[in-house]
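Here the structure comes first, spelled out in C-alpha cells, and everything after it is commentary.
Just so you know, all these numbers are worked out from the coordinates, no wet-lab data involved. Fair warning: this is a prediction, and the values are worked out from it, not measured in the lab. Glycine gets a Cβ as well: all are built from the backbone with ideal geometry, and neighbour counts include every protein chain shown.
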Amino acid sequence: MNVTVKLTGPMVARTGTRDARVAVPDEATVEDVVEQLGERYGPQVRAGIVDGFGLRSDTSLVRESDHEPLSVHSPVEAGDTVRVQVHA
C-alpha cells in the first residue's frame with residue numbers, strides 16, 4: 001500500500017522534497033514508513049525522525065485526515081498522509 005509523507009522544515013533540506021510517497025506492506029506502522037524514507041533518502045532522514053527510544057522529542061507526526069498524533073507504533077492505512085513536523 002502507499003502512504004504519502006508531508007515533510008517540513010529541516011526534513012525538506014534532508015530529502016530535497018516536501019512530499020514523498022512510500023510503499024509499505026499491509027499492517028504497516030509509522031516505523032515502517034520511516035524505514036522506507038530512510039532507504040530512499042538516506043539514514044539522515046531516519047535519524048531526523050526517530051532515535052533509539054522512538055520518536056525524537058523535537059519531532060511530531062500527525063495523520064492529516066483527522067489530525068491524530070502518531071507514534072512510531074501507530075498503524076497506517078492505504079492512502080494515509082502523514083505529516084512530519086520538526087520543532088526547533
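Other residues lying with their Cβ under 12 Å from the Cβ of residue 40 contribute a combined charge of +1, Lys and Arg counting +1, Asp and Glu -1.
Counting Lys and Arg as +1 and Asp and Glu as -1 over every other residue whose Cβ lies under 15 Å from the Cβ of residue 15, the net charge comes to +4. Among 48, 16, 38, the residue with the largest mean-square fluctuation in a Gaussian network model of the chain, with springs joining Cα atoms closer than 10 Å, is 16.
Assuming charge only on the beta carbon of Lys and Arg (+1) and of Asp and Glu (-1), the dipole of the chain about its Cα centre is about 480 debye to the nearest 20. Backbone N atoms of the range 29-60 closer than 14 Å to the 7 Å Cα→Cβ label point of residue 13 belong to residues 45, 48. Between [x] 0.95; [y] 1.04; [z] 1.25, which matches Cα Rg over 2.2 N^0.38 Å calculated for the structure shown? Structure-derived value, by its label: [x]. Placing unit charges on the Cβ atoms of the charged side chains and taking the dipole of the chain about its Cα centre, the candidate lying farthest along the positive direction among 85, 3, 34 is 85. Among 58, 32, the ranking by other beta carbons within 10 Å of each residue's beta carbon, starting with the fewest, stands as 58, 32.
Each Cα pair under 8 Å and six or more residues apart adds its separation to the average, and for the range 2-86 the resulting relative contact order is 41 percent. Calculated [222 nm] ellipticity per residue, helices only, for the chain: -8000 deg cm²/dmol; basis is -39500 (n - 2.57) per DSSP H run with n ≥ 4, divided by all residues, nearest 500. Extension gain for the segment residue 23 to residue 88, taken as residue separation times 0.36 nm less the Cα-Cα distance, is 20.5 nm to one decimal.
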